[in-house]
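Undergrad: If you scroll down you'll find the structure; I have some questions about it.
The values are calculated or read from the model by the stated rules, or taken from the named source; none is laboratory data. Keep in mind it's a predicted model, so treat the numbers as computed, not measured. Positions of Cβ are generated from backbone atoms using ideal geometry, with glycine treated the same way; all protein chains shown enter the neighbour counts.
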Amino acid sequence: MKHHSSLYLICILITGFFSNLANAEQKIEDDNYIVHYSAVNTTMLTPQVAKASGITRSRKRGMINIAVQKKQSSGKIEGVMAQLAGKVSNLIGQQRTLEFNIITEGSAIYYLAEFFIDNGERLSFDINVQPTPQYRGLKVSFDQTFYIDNK
């Protein structure tokens, strides 16, 4: 994984961007951890956010964002680092490995990975999230169709 450090404002913008996009909350959780995830076309990002995050804006590129949080005994939830390994595949079985970049600032930790998309393409995502080496890990799996704006 590559490591990028960015401004706290960028993390806030990304968080706000993804929270506004979701019609329904996209997350998985167990007794100890919560994993939030979302995938979008990179043109949805402003040029400033894309640049600060190291993301290439393009109509033919998508991006997945993952944030891992640990549930504390006090009831607080805090962002934690994790090892992520994942792939994205299309309906005809072509697979690509997702290479996650980490963005951290203060307690905010995000993992971003880019992938190529075609108009109307349905992609399947399978990501293993390992918060600690001893933990059994969590699996994020979902399908999403992407559309390209022709403007």
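Undergrad: Within the stretch 78-116, track down each residue that is at negative phi, out of contact with any Cys (no Cβ under 9 Å at 6 or more places or on another chain) and of a type in the set (Gly, Ala, Ser).
TA: If the condition is that a residue be at negative phi, out of contact with any Cys (no Cβ under 9 Å at 6 or more places or on another chain) and of a type in the set (Gly, Ala, Ser), then Gly79, Ala82, Ala85, Gly86, Ser89, Ser107, Ala113 are the ones that fit.
Undergrad: So, of the residues in the stretch 116-130 that are in contact with a Phe, Trp or Tyr (Cβ under 6 Å, 6 or more places away or on another chain) and part of a strand (DSSP E or B), which turns out to be surrounded by the most Cβ atoms within 10 Å (Cβ to Cβ)?
TA: Phe125
Undergrad: When you scan the stretch 96-115, do you find a residue that is in a strand (DSSP E or B), among the basic types (Lys, Arg), free of Cβ contacts under 8 Å to residues at least 24 places away in the same chain and surrounded by fewer than 16 Cβ atoms within 10 Å (Cβ to Cβ), even just one?
TA: As a first pass, look at the stretch 96-115 and keep what is in a strand (DSSP E or B): 96-98, 101-105, 108-115.
Now narrow it down to the ones that are among the basic types (Lys, Arg): 96.
Narrowing further to those that are free of Cβ contacts under 8 Å to residues at least 24 places away in the same chain: 96.
Subsequent filtering for residues that are surrounded by fewer than 16 Cβ atoms within 10 Å (Cβ to Cβ) retains 96.
Yes; the residues of the stretch 96-115 include at least one that is in a strand (DSSP E or B), among the basic types (Lys, Arg), free of Cβ contacts under 8 Å to residues at least 24 places away in the same chain and surrounded by fewer than 16 Cβ atoms within 10 Å (Cβ to Cβ).
Undergrad: Just need a number here: residues in the stretch 13-42 that are at pLDDT 90 or above, under 15 Å from the mean Cα position of the chain (by Cα) and more than 17 Å from Phe125 (Cβ to Cβ). Walk me through how you get there before you give the answer.
TA: Going through the stretch 13-42, the residues at pLDDT 90 or above turn out to be 26-42.
Then drop every residue that is not under 15 Å from the mean Cα position of the chain (by Cα), which leaves 26-28, 34-42.
Adding the requirement that they be more than 17 Å from Phe125 (Cβ to Cβ) leaves 34.
Total meeting the criteria: 1.
Undergrad: Is there any pair linking a residue in the stretch 42-62 that is at positive phi and in a helix (DSSP H, G or I) to one that is crowded, with 19+ Cβ neighbours inside 10 Å and small (Gly, Ala, Ser), with Cβ under 8 Å and at least six apart or on different chains, and which?
TA: Once the first residue is at positive phi and in a helix (DSSP H, G or I) and sits in the stretch 42-62, no partner that is crowded, with 19+ Cβ neighbours inside 10 Å and small (Gly, Ala, Ser) comes close enough.
Undergrad: If you take the residues in the stretch 84-95 that are part of a strand (DSSP E or B) and of a type in the set (S, T, N, Q), which one is nearest to Tyr147 (Cα to Cα)?
TA: Result: Asn90.
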